[in-house]
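Colleague: Have a look at the structure that comes next, please.
Derivation of every value follows stated rules applied to the coordinates shown; laboratory data play no part. None of these values were measured; they are calculated from a predicted model. Glycine also receives a Cβ, built like all others from the backbone with ideal geometry; neighbour counts cover every protein chain displayed.
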Amino acid sequence: MADSLDTNCASSSAPNPPNVPTQQVFETPEFQQLLDCAMEQRMENMLARVEAGIREDMKEEVKVAARAIVREMLGLTSQPPSNGSGELVQNLAGEPEILCNNAGVNFTEAWADIELKEINLYNPDESIEGKLVPKKNHGVLAVQATQLKCGGIVVACTFDHRVADAYSTNMFLVSWAEIAQSKPLSQLPSFRRSFLSPRRPSHYDPLVIDSMYIPISALKQETRAVTNIDDDEQVISRIYYVKAEEISRLQSLANNCNNDMISTKFHRFTKLETFSAFLWKTIANGMGENSTRNYENFRFGIVVNGRSRLSDGVEEQAKVLKGYFGNVLSTPFGEKKVEKLKEKPLSWVANAVHEFLEPAKTKEHFLGLINWVEDHRPEPALARIYATNEDAVAVVVSSGQQFPVGKIEFGWGEPVFGSYHFPWEGKAGYVMPMPSPKGNGDWVVYMHMLKWQLELVDASAANMFKPLTADYLNLK
């Protein structure tokens with residue numbers, strides 16, 4: 001019994017009285033205390049050995065079970081959301097169409113020997129691209145679930161933009177999470193293409209639509225092979241956060257100055273308009289300095305969702321179009337002289353944003369765009385802002401304020417962070433402001449732009465755009 005005792009057990013130093021019967025020794029308080037301590041310690045030791053054995057024996061079983069749950073929740077459900085699988089093929093006219101072949105979705109399970117708080121979210125080129133985001137080799141969707149050392153999990157999806165815009169992607173992710181928890185879908189998808197049927201006879205304003213879109217065949221063919229690209233001309237990605245008070249301050253500044261301007265019509269600028277104006281002017285202010293090219297013009301565009309515009313206030317149409325799955329986008333833009341953007345105040349730039357944005361926020365604009373696309377079929381087209389020439393630079397803002405990060409809940413708790421990632425190879429910058437997962441009015445801003453542009457943002461607007469960190473997200 002003494003061998004089984006730990007040194008922290010209580011013991012008695014009093015000597016046993018001579019010639020005391022054994023039974024009386026067992027009945028002494030000192031011996032009973034020693035016995036209780038020994039039994040308690042033995043039970044703890046046995047329990048620890050049993051628990052360790054159970055953990056070791058069940059480790060693989062638990063891992064297999066966890067993987068099965070993850071697979072079921074992340075796509076291998078009996079009722080996957082529509083348009084999650086299939087292949088994009090060309091029809092006889094050379095246009096892309098979806099072949100629903102029930103081939104499933106590319107699903108990758110990975111393990112990363114890193115904790116969530118250690119991931120450099122500010123620099124997704126270093127931490128996300130090629131590691132946590134899957135490559136889409138075929139089909140329209142690829143999914144990767146990466147388990148982290150801390151027990152967390154990163155779920156990343158790669159979509160084919162020809163099939164779904166960001167709004168449709170949001171619907172897909174929310175539906176996926178709801179199915180994983182056996183909940184009814186909060187938004188049924190709609191595939192009624194009749195809402196996008198062209199008018200007969202065709203009608204659109206060529207001065208407007210032709211200035212915004214261009215057939216691929218009309219693009220200038222590059223005859224010069226690009227062998228050396230300046231380091232500053234490389235395209236990189238960064239993620240920032242912007243405090244709510246900074247966004248409100250910018251909006252107030254632009255609107256107050258606008259109220260003082262002599263104009264025939266007063267506009268109250270939205271937060272997105274003033275944010276875009278600030279970014280447009282910030283980059284322009286630094287152009288021509290240091291090692292950047294001496295660009296003459298600067299294009300700036302904003303992506304517009306046409307679903308609410310096409311419904312035109314008709315309740316039944318609005319309900320169906322709210323769930324429309326596909327692409328219903330337009331990208332209006334403005335082009336200004338760099339020197340003009342430098343000279344003018346923020347309110348003037350915000351007004352320039354408002355002027356090119358407003359005409360695209362109408363039903364007539366989207367009906368005209370549908371007719372323009374129909375008249376140019378089967379040839380593909382491109383938004384002109386992406387077809388920049390050597391004397392102009394371009395940036396596009398796409399609002400992600402409806403990104404439903406809090407609703408993408410697969411059953412293991414709300415996500416602590418979510419973001420879009422759009423590392424396309426074009427030279428036009430892409431910026432997406434999203435709501436912060438904190439829900440306090442802050443924005444998370446993903447930027448994919450030329451290196452020199454982001455360096456200007458870091459140097460000139462560090463008080464506005466702050467690198468996204470684990471500390472900001474309260475990751476411990």
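Colleague: Based on the mean of other Cβ atoms within 10 Å per residue, sort peptides 313-323, 113-123 so the most packed one is first. Before the final figure, lay out each step's value.
Modeller: Numbers: 313-323: 13.5, 113-123: 16.5.
Averaged packing, sorted descending, gives the order 113-123, 313-323.
Colleague: Continuing with this model, one more query. Give me the orientation-averaged projected area of the Cα convex hull of region 102-221, in nm², one decimal.
Modeller: Details: hull surface 51.2 nm².
Mean projected area for region 102-221: 12.8 nm², to one decimal.
Colleague: With Cβ to Cβ distances under 15 Å as the rule, what net charge do the other residues near Lys271 carry (K, R +1; D, E -1)? Kindly include the intermediate steps, with their values, before the conclusion.
Modeller: Details: positive: Lys243, Arg249, Arg268; negative: Glu245, Glu246, Glu273, Asp442.
So the environment of Lys271 carries a net charge of -1.
Colleague: Rg (Å, one decimal) plus Dmax (Å, integer) for the alpha carbons of region 348-404?
Modeller: Every Cα atom of region 348-404 included, Rg and Dmax give 14.5, 40 Å.
Colleague: Okay, next question. So, in nm, how far is label Asp36 from label Asn120 when the simple model puts each one 7 Å beyond its Cα toward the Cβ?
Modeller: 5.9
Colleague: Here's another thing I want to ask about it. Taking the alpha-carbon distance from Lys363 and a cut-off under 28 Å, which lysines remain once sequence neighbours fewer than 8 residues away in the same chain are dropped?
Modeller: The qualifying lysines are Lys265, Lys271, Lys319, Lys322, Lys336.
Colleague: Given 0.36 nm per residue, what is the gain on full extension from Asn45 to Gln234 after removing their alpha carbon distance, in nm?
Modeller: Working: separation 189, 0.36 × 189 = 68.04 nm, distance 6.12 nm.
Once the chain is fully extended between Asn45 and Gln234, it gains 61.9 nm.
Colleague: May I pose another question? Quick query: amide H of Leu382 versus all other amide H atoms, modeled in the peptide plane; which residues come in under 5 Å with a sequence gap of 5 or more or a different chain?
Modeller: It is Ile214, Ile216, by chain and number.
Colleague: Take the eigenvalues of the Cα gyration tensor for region 315-444, scale each by 5, and report the square roots as semi-axes in whole Å, largest first.
Modeller: Values: eigenvalues 165, 113, 55 Å².
Semi-axes from the Cα gyration tensor: 29, 24, 17 Å.
Colleague: Name all residues of region 154-179 having a backbone nitrogen under 15 Å from the label point set 7 Å from the Cα of Gln187 along its Cα→Cβ direction, giving them as ranges.
Modeller: 164-179
Colleague: For Glu374 and Val416 in one chain, what is 0.36 nm times their gap in residues minus the Cα-Cα distance, to one decimal in nm? Spell out each step's value before the answer.
Modeller: Numbers: separation 42, 0.36 × 42 = 15.12 nm, distance 4.30 nm.
Extra length available between Glu374 and Val416 comes to 10.8 nm.
Colleague: Once every Cα of region 378-476 carries one equal point scatterer and solvent is ignored, give the base-10 log of I(q)/I(0) from the Debye formula at q = 0.10, 0.12, 0.22 Å⁻¹, two decimals.
Modeller: Those come out to -0.37, -0.52, -1.24, one per q.
Colleague: Rank-order 161-168, 430-437 by packing density, defined as the average count of other C-beta atoms within 10 Å over each peptide's residues, highest first. Can you show the working numbers first?
Modeller: Working: 161-168: 19.2, 430-437: 21.9.
The densest-packed peptide leads the list: 430-437, 161-168.
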